[in-house]
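The values are calculated or read from the model by the stated rules, or taken from the named source; none is laboratory data. All values reported here derive from a predicted model rather than from experimental measurement. As a convention, Cβ positions derive from the backbone with ideal geometry for all residues, glycine included, and neighbour counts pool all protein chains shown. For accessibility, only protein heavy atoms count, side chains too; no ligands or nucleic acids. Shrake-Rupley method; radii C 1.70, N 1.55, O 1.52, S 1.80 Å.
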Amino acid sequence: MRHYNMENKEPQKTKSKKYNHDSFVKTIFEKPQNTAELLTVAAKMNPSLKSFLDIVNLKTLKAIPTVAPREGLLGAADLAFEINLNNSTQHADLLVGVVLEHKSRKDTQVINQLYHYYFEVIRQKISASVPTVAIILYNGIEDWNPTDFKLYPEYPDYFKDIGVPFKLEFIDVGKHFKPEDLESIDPRVCCAILALCYVNNQESYRKDFVEALKKMQSLKFEEVIDTLNAIIVYLKENVPIDRKEIVMDTLEAYKNKGFISIAEAEEAEREEMQKKIDEANARADEAESRADEAESRADKYEAILRQHGLL
């Protein structure tokens, strides 16, 4: 009978940062009210995005349940919405499709990804006859302007005017947000935006990030715990090891007010995993006399270990 423990597990495979970044973005911005806050504050420094918000009713923003539309579209944050125009007709609402795509680095394939989203999500989930706005949320280090593109750059200029069937907007969190603009929005959204900034530039954003955490304490614990845990996991996975202590110090300062520090989160993860391992070992011991059942339990347990990256 094989028993497992935390010490003899195989090395955990490192998850790609694309997955981690996009999981964080999806956790925060799959809530329409959070995306509405994001777009509102970003529009203050983005005239084109402001023009879009001027013609739609943000209160009608509604998430579209989606799954990744096609295997291989790496980096897809998998967020899609529908929204009503301000002046919809009396007989029917005029809808607009919205896709929010997150990028943590320059990606030459982003237009192709958005193209597939348009055809495989918006047209299928809403309608084939609604205009769509694709919004790229970027928190990378390099300068990037994905709105200046040619769909077929390797082809002769004759084809340069071929476009895509959607409007393209771009939000660079390092350039399109001023700390003072974030003061009036939901503290949870403010912290999430600043976490996207902080992950690549801890020195410049540490003060603003700490202040945002303080403001989040004004909300009830049960209202912020999901957002805070998402931020902790995101920073824990993406901040370089030599900067991790700063993050821990920042969050540790608030644990007496009900917040969970990174150290506590890590310990909780270890305790929960060990608990599952102990329970699995106990169940396996009980079934040891029946080889067939024990084998079945071992298979199930192995599946649990693989799910949590322990195999």
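Rounded to the nearest whole Hz, the Karplus-based 3J(HN,Hα) values (6.51 cos²θ - 1.76 cosθ + 1.60, θ = phi - 60°) of the stretch 174-188 follow the sequence x, 10, 9, 9, 10, x, 5, 6, 7, 5, 8, 9, 3, x, 5, with x at glycine and proline. Take every Cα pair under 8 Å whose residues are at least 6 apart in sequence, average their separation, divide by the length of the stretch 102-200, and the relative contact order is 30 percent. Near A192, once Lys and Arg are set to +1 and Asp and Glu to -1 for all other residues with Cβ below 10 Å from its Cβ, the sum equals -1. Each residue of the stretch 105-121 was assigned a 3J(HN,Hα) from its phi angle through the Karplus expression (A = 6.51, B = -1.76, C = 1.60, θ = phi - 60°), giving 7, 4, 9, 6, 9, 4, 5, 5, 4, 5, 4, 5, 4, 4, 6, 9, 10 Hz with x at Gly and Pro. Rolling a 1.4 Å probe over the heavy atoms of the protein chains gives the stretch 200-239 an accessible area of 51 Å² per residue. Taking amide H as placed 1.01 Å from N in the peptide plane, the amide H of I64 sits under 5 Å from that of A80, F81, E82, each at least 5 places away or on another chain.
Of the peptides 205-215, 141-151, the order by per-residue mean of other Cβ atoms within 10 Å, starting with the highest, comes out as 205-215, 141-151. Each 10 Å bin, from zero up to the one with the longest distance, holds this percent of the alpha carbon pairs of the stretch 116-251: 10, 30, 27, 21, 11, 2. Taking amide H atoms as placed 1.01 Å from N in the peptide plane, the amide H of K103 lies under 5 Å from those of L137, Y138, N139, each 5 or more residues away in sequence or on another chain. Across the stretch 155-172, coupling constants 3J(HN,Hα) worked out from phi with the 6.51/-1.76/1.60 Karplus curve, θ = phi - 60°, read 9, x, 4, 3, 9, 5, 7, 5, x, 10, x, 8, 7, 10, 10, 10, 10, 9 Hz, and Gly and Pro carry x. For Q217, no residue 5 or more places off, or on another chain, has a built amide H under 5 Å of its own.
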